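Chemist: Have a look at this one.
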Amino acid sequence: MSHVAEEIASQPECWRRAMELNPLGLPEPGERVAVLGCGTSLYIAQAYAALRESAGQGETDAFAASEFPSARRYDRIVAITRSGTTTEVLDALGRSAGVPAVALTGDLATPVSEAADTVIDLEFADEKSVVQTRFATTALVLLRAHLGLAPADLPEQARQAVGVPLPQGAVQARQFTFLGAGWTIGLANEAALKLREAAGAWTESYPGMEYRHGPISVTGPESLVWFFGQPPAGLPDQVVATGATASVSSLDPLADLIRAQRLAVELAGARGLDPDRPRNLTRSIVLTQP
């Protein structure tokens, strides 16, 4: 079994541990917050930002760390970085001196511990894999729990997601579209990234209501369209009318992301690829100065 497959299967326990934590340094209600990340961590930042703002906790913006507008006023910065060494995250924190910053990381013995005012230790969810799975979802579970928006049975739903069947014909599909709304747009983006990273697949992601404004034109009998959460009324029928497969799950959308992670691994195997050795990727992006 690959490292990434083992890490996917370990998520129920990681989520349980995350829900038991009560860390210091996370945003207080009413604070204006920027959430930073790169790659997978950016998409988790997008999901958290949408959840926090929709819950009435305060204005919350998500940024790719390289694009963070450090001159804009925020009350707090939340940085998500599995490795603690990502150059863009460290640079963004360095450009934000004076703004309280909290970092979620899988390795305390890294530069982010000096760059942030508070560090939340998620080492129990750290990974050997290049392709992120459990660290990212565990971070989002922690953040959801802090907002009071993590269902008590979320670890059990994760357990179900590890074992339930994938959509029929999913591994045989040649084109994949992931759709969300609100906070699940970040999940859709992350699911698409997982299939690209692990299996080199043709994947796209959109807000569900935007899908009809052009992207549906590429959908056909060899497509899988995956909805995170409740789909827009009538849209699954339009997907099926193209000949594509539509996936709609009753699981919590974050638990449903586990199924997409599993699909990425199975698809990689079917294509003769090693999901532990994705092409052109490394575990952390550390840039050298010119």
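Chemist: Considering region 47-73 alone, what residues qualify as being aromatic (Phe, Trp, Tyr) and outside any helix (DSSP H, G or I)? So that I can check it myself, show each step before the final result.
Modeler: Initially, region 47-73 is screened for residues aromatic (Phe, Trp, Tyr), giving 48, 63, 68.
Residues satisfying the conditions are PHE63, PHE68.
Chemist: If you take the residues of region 200-222 that are closer than 18 Å to VAL248 by Cα and of a type in the set (A, V, I, L, M, F, W, C), which of them is surrounded by the most Cβ atoms within 10 Å (Cβ to Cβ)? Working first, answer last.
Modeler: Residues of region 200-222 closer than 18 Å to VAL248 by Cα: 203-212, 216, 219-222.
If we keep only those that are of a type in the set (A, V, I, L, M, F, W, C) as well, we get 209, 216.
Working: MET209: 11, ILE216: 20.
Looking at the filtered set, the residue picked out is ILE216.
Chemist: Shifting gears a bit: Looking at (1) touching a strand residue (DSSP E or B) at 6+ places or on another chain (Cβ under 8 Å); (2) in contact (Cβ under 8 Å) with a residue 60 or more places away in the chain; (3) among the hydrophobic types (A, V, I, L, M, F, W, C); (4) buried (at least 24 other Cβ atoms within 10 Å of the Cβ), which one does LEU26 not meet, given that it meets all the others?
Modeler: Looking at each condition in turn, LEU26 falls short on (4).
Chemist: Which residue out of ALA45, ALA65, ALA92, ALA55 is of a type outside the set (Ser, Thr, Tyr), touching a Leu at 6+ places or on another chain (Cβ under 9 Å), touching a residue at least 24 places away in the same chain (Cβ under 8 Å) and closer than 15 Å to ALA136 by Cα? Before you say what the answer is, go through the steps one by one.
Modeler: Numbers: ALA65 fails: closer than 15 Å to ALA136 by Cα; ALA92 fails: closer than 15 Å to ALA136 by Cα; ALA55 fails: closer than 15 Å to ALA136 by Cα.
Criteria check complete, one pass: ALA45.
Chemist: (1) part of a helix (DSSP H, G or I); (2) open to solvent by 30 Å² or more (accessible area, probe 1.4 Å); (3) touching a Gly at 6+ places or on another chain (Cβ under 7 Å): which one isn't true of ILE44, the others all being true?
Modeler: With respect to (1) part of a helix (DSSP H, G or I); (2) open to solvent by 30 Å² or more (accessible area, probe 1.4 Å); (3) touching a Gly at 6+ places or on another chain (Cβ under 7 Å), ILE44 is out only on (2).
Chemist: Related question: Could you tell me whether SER96 is part of a loop (DSSP other than H, G, I, E, B) and in contact with a Lys or Arg (Cβ under 9 Å, 6 or more places away or on another chain)? Please lay out each step first, then the result.
Modeler: Working: part of a loop (DSSP other than H, G, I, E, B): yes; in contact with a Lys or Arg (Cβ under 9 Å, 6 or more places away or on another chain): no.
Here the answer is no, as SER96 does not meet what is asked.
Chemist: To continue, here is another question. Can you name the number of the only condition in (1) open to solvent by less than 50 Å² (accessible area, probe 1.4 Å); (2) over 30 Å from ALA18 (Cα atoms); (3) among the charged types (D, E, K, R) that GLU190 fails?
Modeler: That leaves (2) as the condition not met.
Chemist: Would you please list the contacts, defined by Cβ atoms under 8 Å and residues six or more apart or on different chains, that run from a residue in region 119-132 that is under 25 Å from GLY200 (Cα atoms) to a residue that is open to solvent by 20 Å² or more (accessible area, probe 1.4 Å) and β-branched (Val, Ile, Thr)?
Modeler: Final answer for the pair search is VAL130/THR282.
Chemist: Another question about this same structure. Could you list, in sequence order, all residues of region 24-41 that are outside any strand (DSSP E or B) and over 18 Å from GLN132 (Cβ atoms)?
Modeler: Of region 24-41, the ones outside any strand (DSSP E or B) are 24-32, 38-41.
LEU24, GLY25, LEU26, PRO27, GLU28, PRO29, GLY30, GLU31, ARG32 - these are the residues of region 24-41 that are outside any strand (DSSP E or B) and over 18 Å from GLN132 (Cβ atoms).
Chemist: Next up: Name the one entry in VAL265, VAL225 that is surrounded by 21 or more Cβ atoms within 10 Å (Cβ to Cβ) and in contact (Cβ under 8 Å) with a residue 60 or more places away in the chain. Explain how you work it out, then say what you get.
Modeler: Details: VAL225 fails: in contact (Cβ under 8 Å) with a residue 60 or more places away in the chain.
The match here is VAL265.
Chemist: Now a separate question. Being farther than 30 Å from ASP276 by Cα and either touching an Asp or Glu at 6+ places or on another chain (Cβ under 6 Å) or not hydrophobic (A, V, I, L, M, F, W, C) (or both) narrows it down to one residue among ARG72, ARG17; which is it? Step through it out loud before you land on a result.
Modeler: On the way: ARG17 fails: farther than 30 Å from ASP276 by Cα.
Unique residue meeting the criteria: ARG72.
Chemist: Could you please find all residues in region 47-99 being in contact with a helix residue (DSSP H, G or I) (Cβ under 8 Å, 6 or more places away or on another chain), surrounded by fewer than 24 Cβ atoms within 10 Å (Cβ to Cβ) and on the phi > 0 side of the Ramachandran plot?
Modeler: GLY58
Chemist: Within region 197-285, which strands (runs of 3 or more DSSP E) (wholly inside it) include 2 or more residues that are of a type in the set (Ser, Thr, Tyr)?
Modeler: Working: elements: 202-207, 223-227, 245-248.
Per the criteria, 202-207, 245-248.
Chemist: Identify, by number, the condition in (1) surrounded by fewer than 21 Cβ atoms within 10 Å (Cβ to Cβ); (2) of a type outside the set (A, V, I, L, M, F, W, C); (3) over 18 Å from the mean Cα position of the chain (by Cα); (4) within 24 Å of GLU266 (Cβ to Cβ) that SER249 doesn't meet.
Modeler: (3)
Chemist: Kindly check whether there is at least one residue in region 156-164 that is in a loop (DSSP other than H, G, I, E, B), of a type in the set (Asp, Glu), under 30 Å from ALA55 (Cα atoms) and open to solvent by 20 Å² or more (accessible area, probe 1.4 Å). Spell out how you get there, then give the answer.
Modeler: Kept after step one, since they are in a loop (DSSP other than H, G, I, E, B), are these residues of region 156-164: 164.
The next check asks that each one be of a type in the set (Asp, Glu); those that pass are none.
No, region 156-164 contains no residue that is in a loop (DSSP other than H, G, I, E, B), of a type in the set (Asp, Glu), under 30 Å from ALA55 (Cα atoms) and open to solvent by 20 Å² or more (accessible area, probe 1.4 Å).
Chemist: Identify, from the list ALA173, ALA199, ALA181, the residue that is in contact with an Asp or Glu (Cβ under 7 Å, 6 or more places away or on another chain) and either within 15 Å of ALA270 (Cβ to Cβ) or at pLDDT 95 or above (or both).
Modeler: Among ALA173, ALA199, ALA181, only ALA173 is in contact with an Asp or Glu (Cβ under 7 Å, 6 or more places away or on another chain) and either within 15 Å of ALA270 (Cβ to Cβ) or at pLDDT 95 or above (or both).
Chemist: Within region 122-155, which residues are open to solvent by less than 10 Å² (accessible area, probe 1.4 Å) and aromatic (Phe, Trp, Tyr)?
Modeler: Across region 122-155, the qualifying residue is only PHE135.
The values are calculated or read from the model by the stated rules, or taken from the named source; none is laboratory data. Values in this document were obtained by computation on a predicted structure and should not be read as measured data. Counting neighbours? That spans all protein chains shown, and the Cβs are built from the backbone with ideal geometry, glycine included. Remember, those area values only see protein heavy atoms, side chains included, never the ligands or the DNA or RNA. Shrake-Rupley method; radii C 1.70, N 1.55, O 1.52, S 1.80 Å.
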